[in-house]
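Chemist: Starting off with a structure, shown below.
The values are calculated or read from the model by the stated rules, or taken from the named source; none is laboratory data. The shown structure was predicted, so the numbers you read here are calculated from the model rather than taken from an experiment. Cβ sites come from the backbone with ideal geometry, for glycine too, and all protein chains shown count toward neighbours.
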Amino acid sequence: MQRLRPVQQFAKECHRGRWSVSDFPSRIGARVVVDQNATGGHILGMACRSDRGAVIGLDERIFGTRLYVPVLAHEVSHLLLGGSGTFQCSSTAVCGSSEQDAWFGAAMLAVSARLLRRIDRGTMSPMDIAARCSVPLEMVNLAWAVHAALDDHLAVSVHAAHVALTLWEDWLDRATHAPLII
Ligand SMILES: [Zn+2]
């Protein structure tokens, strides 16, 4: 999980500055373009970094849905984690470690640690936080698990993060295969 530290650090700075997820691409010098889903496939977003700069592509279908924040955060996470080439991201491609890491990172970017601490204090519920952050509950659970895994270094916490990732993947799969994206 230590490879996620750069994303955690970036998330901390952005959340401290009250930046919204929509602001994150410009913070890392990435340009956002809207894809017309010409293929009609299940690609939700893409990210690439080349000599001409970093680009994030978002499928036009996700705008105005609960997929928008998670997918945008996922693409930002790819760029923060590095790696070469173009990442094409769909609900059915969550199998490689780079996709898993990008979803772990997306959860930290979309849901701040500050908000998660309010669950412990009893001043917000996970559902409240999901609504505040415009993400499904499964992403709040994933964020909680990833922060725990990074903070306490316990094997059981890392396992819990992977369980939360599986539940997130299930939600993503259902959402993207529904007749209308939620
Ligand atoms: Zn991806």
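Chemist: Within region 74-99, work out how many residues are assigned to a loop (DSSP other than H, G, I, E, B), touching a Ser or Thr at 6+ places or on another chain (Cβ under 8 Å) and either closer than 20 Å to residue 23 by Cα or near the ligand (Cβ under 9 Å from one of its atoms) (or both).
Modeler: 0
Chemist: Just the residues that are touching a residue at least 60 places away in the same chain (Cβ under 8 Å) and in a helix (DSSP H, G or I), please, taken from region 131-146.
Modeler: Hits for region 131-146 are 133, 139, 146.
Chemist: Which numbered condition trips up residue 49, out of (1) of a type outside the set (Ser, Thr, Tyr); (2) closer than 24 Å to residue 1 by Cα; (3) away from the ligand (no atom under 13 Å from the Cβ); (4) assigned to a helix (DSSP H, G or I)?
Modeler: (4)
Chemist: Mind checking whether some residue in region 113-132 is surrounded by 15 or more Cβ atoms within 10 Å (Cβ to Cβ) and of a type in the set (Ser, Thr, Tyr)?
Modeler: Taking every residue of region 113-132 in turn, none turns out to be surrounded by 15 or more Cβ atoms within 10 Å (Cβ to Cβ) and of a type in the set (Ser, Thr, Tyr).
Chemist: Here is a further query. So which residues in region 145-167 are under 18 Å from residue 21 (Cβ atoms) and either modelled with pLDDT of 95 or more or among the aliphatic types (A, V, I, L, M) (or both)?
Modeler: 146
Chemist: Another question about this same structure. When you look at residue 167, is it exposed (fewer than 13 other Cβ atoms within 10 Å of the Cβ), over 22 Å from residue 25 (Cα atoms) and hydrophobic (A, V, I, L, M, F, W, C), yes or no?
Modeler: So residue 167 does not fit the description; no.
Chemist: Give all pairs with beta carbons closer than 9 Å in which a residue from region 50-74 that is among the aromatic types (Phe, Trp, Tyr) and surrounded by fewer than 22 Cβ atoms within 10 Å (Cβ to Cβ) meets a residue that is at pLDDT 90 or above and part of a strand (DSSP E or B); count only pairs at least 6 apart in sequence or on separate chains.
Modeler: Close Cβ pairs satisfying both conditions: 63/34; 68/58.
Chemist: For the condition in contact with a Pro (Cβ under 7 Å, 6 or more places away or on another chain), on the phi < 0 side of the Ramachandran plot and near the ligand (Cβ under 10 Å from one of its atoms), what is the one hit in 130, 106, 102, 110?
Modeler: None of the others qualify; the one that does is 106.
Chemist: Out of 71, 32, I need the residue that is outside any helix (DSSP H, G or I), touching a helix residue (DSSP H, G or I) at 6+ places or on another chain (Cβ under 6 Å) and either modelled with pLDDT of 90 or more or more than 10 Å from the ligand (Cβ to nearest atom) (or both). Which one?
Modeler: One residue alone meets the criteria, 32.
Chemist: Same structure, new question: What are the residues in region 52-68 that are in a loop (DSSP other than H, G, I, E, B) and not β-branched (Val, Ile, Thr), if any?
Modeler: Within region 52-68, 52, 63, 64, 66, 67 qualify.
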